[in-house]
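The values are calculated or read from the model by the stated rules, or taken from the named source; none is laboratory data. Here the structure is a predicted model, which means the values were calculated and not measured. Neighbour counts are summed over all protein chains in view; Cβ atoms, including those assigned to glycine, are modelled from backbone coordinates with ideal geometry.
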Amino acid sequence: MKKSLWAVLFLIVFMAANADAIEVSSRHLIEHAKFYDGKVVTYSGEAITAVMKRGVYGWVNVSDRDNAVGVWCNASLLGPVKFLGDYKTRGDMLEVVGVFNRACQEHGGDLDIHADTLVVKKAGYAVHEKINIKKIRIVVILFLATIAIVAVFRKRI
């Protein structure tokens with residue numbers, strides 16, 4: 001009975017701590033940066049480029065397809081991030097809850113989020129592109145046609 005009471009109490013405290021987090025997009029954050037400055041926000045997007053650990057803390061850039069926002073957090077939170085988005089990979093989809101800074105004093109005036117929680121909502125994966133044989137044939141035919149046209153006009157000159 002005592003354990004379940006503690007579990008319920010923990011859930012209530014945890015939910016209350018995150019209840020004031022406002023879910024926002026990067027565009028909304030940027031356009032209304034003054035309003036959100038210093039407030040707890042929830043931001044979701046794809047982990048991109050690199051995880052940059054700096055001792056006990058670290059960075060990851062999170063893109064919601066409009067813009068990317070730098071997220072500063074405890075390096076232990078970055079451990080589950082395995083896939084980073086680039087041309088060949090779809091990055092892990094993250095949900096970040098933390099304090100938004102429109103001009104962070106600690107990081108040279110950059111716009112960032114100091115995350116308290118960072119959760120991988122959906123794992124990333126490798127992107128496999130299929131080669132379109134039709135397009136390759138068209139390119140080869142156009143290339144050969146261009147060579148033929150150039151050869152014909154060179155003979156006339």
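The table that follows gives values for the structure above.
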quantity: Residue match in segment 136-156 (condition: at pLDDT 95 or above, under 25 Å from the mean Cα position of the chain (by Cα) and among the β-branched types (Val, Ile, Thr)); calculated: no
quantity: Yes/no for residue 43 being under 13 Å from residue 111 (Cβ atoms) and either surrounded by fewer than 17 Cβ atoms within 10 Å (Cβ to Cβ) or modelled with pLDDT of 95 or more (or both); calculated: yes
quantity: Residue that is nearest to residue 104 (Cα to Cα), among those in segment 48-59 that are touching an Asp or Glu at 6+ places or on another chain (Cβ under 9 Å) and modelled with pLDDT of 95 or more; calculated: 59
quantity: Selection count, segment 46-66, where residues are more than 20 Å from residue 87 (Cβ to Cβ), charged (D, E, K, R) and in contact with a Leu (Cβ under 8 Å, 6 or more places away or on another chain); calculated: 1
quantity: Cross-chain or 6+ apart pairs with Cβ under 8 Å, segment 122-146 first and in contact (Cβ under 8 Å) with a residue 24 or more places away in the chain, then surrounded by fewer than 10 Cβ atoms within 10 Å (Cβ to Cβ) and not β-branched (Val, Ile, Thr); calculated: 126/88; 127/87; 127/88
